[in-house]
Each structure stands twice: as structure tokens, then as C-alpha cells.
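Student: Pasting a structure here, questions to come.
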Ligand code: AMP
Ligand code: ZN
């Protein structure tokens with residue numbers, strides 16, 4: 001595949017250190033709050049990337065950290081530890097906060113069909129390794145001890161700003177304005193590897209170290225976790241664009257200084273999800289979560305579909321109207337798939353292979369997921385058997401993970417039930433000729449009959465989110481688009 005590499009600012013042919021094997025690393029969440037749907041945009045795109053590499057035949061080892069210590073509110077070395085901030089906010093211990101929000105993160109991932117990486121490592125579980133690496137950097141002369149902290153000395157590097165010098169302005173996110181400089185730092189860009197002199201007295205988690213009781217800086221965790229579980233040569237490192245500087249810049253600095261050779265070949269950065277009022281941010285406290293989407297009656301997979309419709313390197317604007325449009329488009333797509341008959345003909349292997357190749361070349365052009373989505377409609381129009389079309393859609397869905405066939409099967413089931421009810425002179429649904437909506441309205445009627453009002457309300461909200469108004473009429477219900 002061809003992939004844009006933020007380190008070289010070019011689209012390049014994807015290559016790995018060991019043929020056929022991808023060592024992939026993803027910066028995981030800072031677990032002091034729920035992940036917002038912006039964070040999850042990054043994880044969705046990284047998930048598609050991983051699945052596409054597997055589709056191309058690679059064996060992928062994906063590693064992710066969980067940041068449960070050391071990430072200060074400024075993304076650099078100023079401010080409060082985010083975990084401590086979360087614990088204070090909720091009057092709980094840091095470890096309780098970490099456990100709760102780690103579980104919440106993976107629950108969200110499951111709802112969005114995001115696969116769990118092969119290795120998930122919380123930072124607090126590997127402190128000894130961090131200490132060894134910091135000691136190694138001191139021994140090699142790349143770090144110094146000052147004012148109680150250990151700092152990385154960026155003046156010892158040939159080049160530091162590796163991601164700079166290109167158009168992505170967002171790289172300046174981590175640059176702070178009006179923040180008092182730490183007078184222990186020898187150079188402006190030096191960063192903390194190990195804190196003992198906490199700027200706040202009640203740091204909850206502390207460990208003994210050769211430099212005194214303290215805790216690690218944020219950046220060291222990703223270098224160490226990757227070196228331990230991916231090995232010395234990393235093929236692909238992912239994260240949101242705000243991670244590029246200073247986080248990834250510092251990861252490169254310390255990993256290459258420690259290893260003494262180039263570390264990671266390809267850098268994949270996902271542009272931000274924004275709202276009309278700006279970037280969605282966890283630290284601002286106001287943000288949208290997967291649970292909120294669900295409460296409003298949206299299917300989380302529709303959010304995934306919405307993300308896939310645009311390119312990962314372009315900013316994406318979230319609005320309820322955009323999500324409504326995605327809901328309608330997704331529902332129509334599922335209806336069309338549901339209309340295919342699984343027992344219509346045999347699977348034509350040659351056609352399947354031809355379409356798989358087409359998909360590889362479309363999506364393989366810098367992870368062009370919107371072309372991947374468009375390809376689904378081309379399959380529906382193809383001149384082949386329904387069985388072949390379904391086989392191709394199932395194949396594409398290994399990468400897109402939109403649960404296409406399961407959702408279509410459910411619609412077929414509901415349609416069959418509706419037919420039976422109609423034939424029995426039972427509940428009748430009239431509407432504007434969309435079998436998928438008929439089926440939902442029928443399911444609502446059945447839930448009401450069974451006095452399952454919670455389910456009936458849930459379906460009504462789902463229909464409302466799709467812009468469908470349901471009216472109860474004698475012997476059934478009728479619906480219309482509003
Ligand atoms: P955090 O939990 O803050 O460490 O962030 C988790 C991931 O989400 C990182 O890869 C961030 O770069 C990414 N991220 C943060 N904000 C956004 C956003 N608004 N849109 C897309 N990705 C984001
Ligand atoms: Zn990281």
C-alpha cells in the first residue's frame with residue numbers, strides 16, 4: 001500500500017523491517033475521562049489501517065499503551081497530572097479512575113467495532129523498564145539531572161524537530177505560550193524523563209528510583225512499551241495529529257538516543273474531529289461521547305461510517321445534521337444489502353478476486369476509506385449473482401467493519417416477521433416504501449404489544465434520529481419522513 005509518512009512528508013510505499021510482518025504502535029488514551037468521539041476518530045482510522053494491512057496479508061503486532069500516570073495538562077512539563085485531576089474531580093483514587101475509564105474506553109471500542117490491540121500495557125505496570133531506559137540515557141550522555149528531575153538533553157541530537165517543515169500547522173499544538181520556562185532545562189526543548197520535584201505536593205503515585213521517589217514523564221512510556229513489545233525496529237507509529245509535537249518528537253529523540261539507530265520508519269497521524277465551535281478536547285470538559293450518541297438514538301456504527309466517509313488527513317466537522325445524513329445513507333445501504341438474496345446463485349470466485357484487488361488498490365492509496373465506502377455501492381450495481389455480491393461485501397467488511405451482513409440479516413428477519421404478521425391479519429405497517437423502516441416500525445409495535453415500553457421507546461427514538469415520524473393507527477402504525 002501507499003501511505004503518507006509524516007516523517008518524510010511524502011506518500012510512500014509501505015515497507016516493513018521484517019518482510020510480511022508489521023510492528024505497529026498506537027498511543028493509547030489518557031484514562032482520566034471518557035474518550036470523546038474525536039479521540040475515537042483516531043482509533044477508528046488506526047483500526048481500519050491495521051485491518052487493511054492484515055487484508056493485504058501482513059501479520060500485524062499492534063501495541064498500545066494506557067496512560068495512567070505522567071501526562072500533565074499542558075502536554076509538556078507544566079500543569080497538573082491529568083490522572084490526579086480526574087481523581088480529584090470524582091473524589092476517587094487514581095487507580096479507580098484508571099480502571100473505570102480504561103474499561104469505558106474498551107466498551108466504546110467494542111461498540112465501534114474497533115479491535116483490541118495484541119498488547120495493551122498500562123504505563124504504571126512497567127516503571128522498572130522506564131527507570132532502566134532513563135538510566136541508559138544518562139549513561140550515554142543524552143540526559144542530565146537538575147533540580148531533582150532527569151531531563152533529556154535535546155542539544156545532543158543532530159536534529160530534533162523531525163516533523164516540522166511541512167504544512168500541518170497542528171504540529172504547533174504543544175507549543176506553549178505564556179508559560180514560565182523551567183529554569184532547570186539547559187535547552188528550551190528539553191523534556192522531563194523522570195520527575196522527583198513534583199510541582200504539586202500530593203502526587204498520588206510515586207516510585208523509588210536512583211534519582212529519588214518520583215514518577216515518569218509522559219513520553220518515556222511509549223518508547224519503552226514499544227521497545228519491549230515491538231522490538232528495536234518499529235514499522236508504523238500512529239496517533240492523532242496533536243501527538244506529533246511534542247509527544248512523538250520526544251519519543252523519537254529518546255528512542256533513537258537509547259538504541260543508537262533509527263527507530264520508526266512510518267508515522268501515521270489522524271487529523272482532528274472538530275465541531276463548529278472548534279477542536280473537540282477532553283480537557284475542556286465538554287465533549288461528545290459514544291454513550292451520548294446512543295442516548296440520542298444513534299447507532300455507534302453510523303459514527304464509524306461517518307468517519308470512513310472522509311480522509312484521515314483532513315479535518316472532519318461533526319454536527320448532528322451530518323450524523324443524521326450518515327444515518328439515512330447507512331440505513332439505505334443496509335436496506336439494499338438486505339434486498340440481496342443469499343441463495344441467489346453460487347459465489348463466483350473470479351469476480352470475488354477481481355473486486356478484492358480493486359478494493360486493495362483503492363483503499364491502499366493512502367488509506368482512502370471514502371473510496372472503500374464508494375466501492376460498496378459498486379458491488380451492489382455489479383452484474384453478478386447476489387451470493388457473489390454478498391461474498392464481496394463480507395470481504396470488504398473485514399476492513400471497514402460496519403457489520404454490514406449482520407445488520408442486513410436482521411433487516412431480513414424483521415421483514416419476514418412483518419410479512420407473517422401481515423398475513424395473519426395482525427399489526428400492519430404503512431409507510432413510504434422502505435422495508436428497513438417498515439421492519440423497525442413493526443418491531444416497535446411488537447414491543448408495545450409485549451408491554452416492553454422501554455424497547456418501544458428506544459426504537460421510536462432510533463426512528464426519530466432517522467427523521468421518521470410514527471403514528472399509531474387502528475390495527476398498526478403508519479410512518480412518514482419529516
Ligand atoms: P488522549 O486520551 O488525550 O491521550 O488522546 C487519545 C488519542 O486521541 C490521541 O491519539 C490523540 O492524538 C487523539 N485526539 C485527541 N483529540 C482529538 C480530536 N479532536 N480528533 C481526533 N483525534 C484526537
Ligand atoms: Zn505515545
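Student: I need the full set of residues from the range 5-26 which are within 16 Å of ligand 1 (Cβ to nearest atom) and surrounded by fewer than 23 Cβ atoms within 10 Å (Cβ to Cβ), in order please. Steps first, answer last, please.
Tutor: We begin by selecting, within the range 5-26, every residue within 16 Å of ligand 1 (Cβ to nearest atom); these are 6, 24-26.
Within the range 5-26, just 6 meets the criteria.
Student: Right, another one. On the given criteria, is residue 287 away from ligand 2 (no atom under 15 Å from the Cβ) and either modelled with pLDDT under 95 or out of contact with any helix residue (DSSP H, G or I) (no Cβ under 8 Å at 6 or more places or on another chain) (or both)?
Tutor: The answer is yes for residue 287.
Student: Taking interchain pairs and intrachain pairs at least six residues apart, which have beta carbon atoms under 8 angstrom, with the first residue in the range 307-321 and farther than 21 Å from residue 400 by Cβ and assigned by TED's automatic domain parsing to the domain that holds residue 112 and the second assigned to a strand (DSSP E or B) and at pLDDT 95 or above?
Tutor: If the second residue must be assigned to a strand (DSSP E or B) and at pLDDT 95 or above, no pairs are left.
Student: Another question, then. Output the residues belonging to the range 42-57 that are crowded, with 17+ Cβ neighbours inside 10 Å and under 23 Å from residue 240 (Cβ atoms). Let's see the steps before the verdict.
Tutor: Residues of the range 42-57 that are crowded, with 17+ Cβ neighbours inside 10 Å, as a first pass: 42-53, 55.
Selection gives 42, 43, 44, 45, 46, 47, 48, 49, 50, 51, 52, 53.
Student: Within the range 262-276, take every residue that is within 11 Å of ligand 1 (Cβ to nearest atom) and part of a strand (DSSP E or B) and give me the one that is farthest from the chain's Cα centre (by Cα).
Tutor: Our first condition is that a residue be within 11 Å of ligand 1 (Cβ to nearest atom); within the range 262-276, this holds for 268-275.
Filter again for part of a strand (DSSP E or B), leaving 268-270, 273-275.
Details: 268: 13, 269: 12, 270: 9, 273: 11, 274: 15, 275: 17 Å.
This residue is 275.
Student: Looking at (1) in contact (Cβ under 8 Å) with a residue 60 or more places away in the chain; (2) within 16 Å of ligand 2 (Cβ to nearest atom), which is the only condition residue 22 fails?
Tutor: (2)
Student: Now for a different question. Go through the range 408-420 residue by residue and tally those that are under 19 Å from residue 460 (Cβ atoms) and surrounded by fewer than 18 Cβ atoms within 10 Å (Cβ to Cβ). First the steps, then the outcome.
Tutor: Keep residues of the range 408-420 that are under 19 Å from residue 460 (Cβ atoms), which gives 410-411, 414, 417-418.
Subsequent filtering for residues that are surrounded by fewer than 18 Cβ atoms within 10 Å (Cβ to Cβ) retains 410, 417.
Residues meeting the conditions: 2.
Student: Looking only at the range 62-106, count how many residues are modelled with pLDDT of 95 or more, under 18 Å from residue 118 (Cα atoms) and either surrounded by 19 or more Cβ atoms within 10 Å (Cβ to Cβ) or within 13 Å of ligand 1 (Cβ to nearest atom) (or both).
Tutor: Count: 7.
Student: Considering only residues that are in a loop (DSSP other than H, G, I, E, B) and modelled with pLDDT of 95 or more, look in the range 212-261 and name the one that is farthest from ligand 1 (Cβ to nearest atom). Step through it out loud before you land on a result.
Tutor: Here is the first cut: in the range 212-261, the residues in a loop (DSSP other than H, G, I, E, B) are 212-213, 217-218, 230-233, 260-261.
Within this subset, residues satisfying the condition of being modelled with pLDDT of 95 or more are 230-233, 260-261.
Details: 230: 17, 231: 22, 232: 23, 233: 22, 260: 28, 261: 26 Å.
The selected residue is 260.
Student: Do the conditions hold for residue 327, that is, is it more than 10 Å from ligand 1 (Cβ to nearest atom), over 21 Å from residue 130 (Cβ atoms) and in a helix (DSSP H, G or I)? First the steps, then the outcome.
Tutor: Values: more than 10 Å from ligand 1 (Cβ to nearest atom): yes; over 21 Å from residue 130 (Cβ atoms): yes; in a helix (DSSP H, G or I): yes.
Judged against the criteria, residue 327 is a match.
Student: Quick check on residue 43: is it closer than 23 Å to residue 237 by Cβ, within 15 Å of ligand 2 (Cβ to nearest atom) and touching a helix residue (DSSP H, G or I) at 6+ places or on another chain (Cβ under 7 Å)? Lay out the reasoning, then the answer.
Tutor: On the way: closer than 23 Å to residue 237 by Cβ: yes; within 15 Å of ligand 2 (Cβ to nearest atom): yes; touching a helix residue (DSSP H, G or I) at 6+ places or on another chain (Cβ under 7 Å): yes.
In short, yes.
Student: OK, next. State the number of residues belonging to the range 388-407 that are in contact (Cβ under 8 Å) with a residue 12 or more places away in the chain, surrounded by fewer than 18 Cβ atoms within 10 Å (Cβ to Cβ) and not in a loop (DSSP other than H, G, I, E, B). Give the steps one after another, and end with the answer.
Tutor: The first filter runs over the range 388-407 and keeps only residues in contact (Cβ under 8 Å) with a residue 12 or more places away in the chain, leaving 388-393, 395-396, 398-405, 407.
With the extra rule that they be surrounded by fewer than 18 Cβ atoms within 10 Å (Cβ to Cβ), the set shrinks to 395, 398, 403.
Among the residues that remain, those that are also not in a loop (DSSP other than H, G, I, E, B) are: 395, 398.
Going through the range 388-407 one residue at a time, the tally reaches 2.
Student: Is it the case that some residue within the range 174-184 is touching a helix residue (DSSP H, G or I) at 6+ places or on another chain (Cβ under 7 Å) and at pLDDT below 85? Show your work before the answer.
Tutor: Pass one, the range 174-184, residues touching a helix residue (DSSP H, G or I) at 6+ places or on another chain (Cβ under 7 Å): 174.
So of that shortlist, the ones also at pLDDT below 85 come out as 174.
Checked against the condition, which is being touching a helix residue (DSSP H, G or I) at 6+ places or on another chain (Cβ under 7 Å) and at pLDDT below 85, the range 174-184 yields at least one hit.
Student: Another question, then. Across the range 11-36, what is the number of residues that are closer than 18 Å to residue 368 by Cα and modelled with pLDDT under 95?
Tutor: 0
Student: Being free of Cβ contacts under 8 Å to residues at least 24 places away in the same chain, within 32 Å of the chain's Cα centre (by Cα) and outside the structural domain of residue 360 (by TED's automatic domain parsing) is true for just one of 410, 422. Which residue is that?
Tutor: Numbers: 422 fails: within 32 Å of the chain's Cα centre (by Cα).
Result: 410 is the single residue among 410, 422 that is free of Cβ contacts under 8 Å to residues at least 24 places away in the same chain, within 32 Å of the chain's Cα centre (by Cα) and outside the structural domain of residue 360 (by TED's automatic domain parsing).
The values are calculated or read from the model by the stated rules, or taken from the named source; none is laboratory data. A quick note: this is a predicted structure, and the numbers were derived from the prediction, not measured. Cβ: placed from backbone, ideal geometry, glycine included. Neighbour counts: every protein chain shown.
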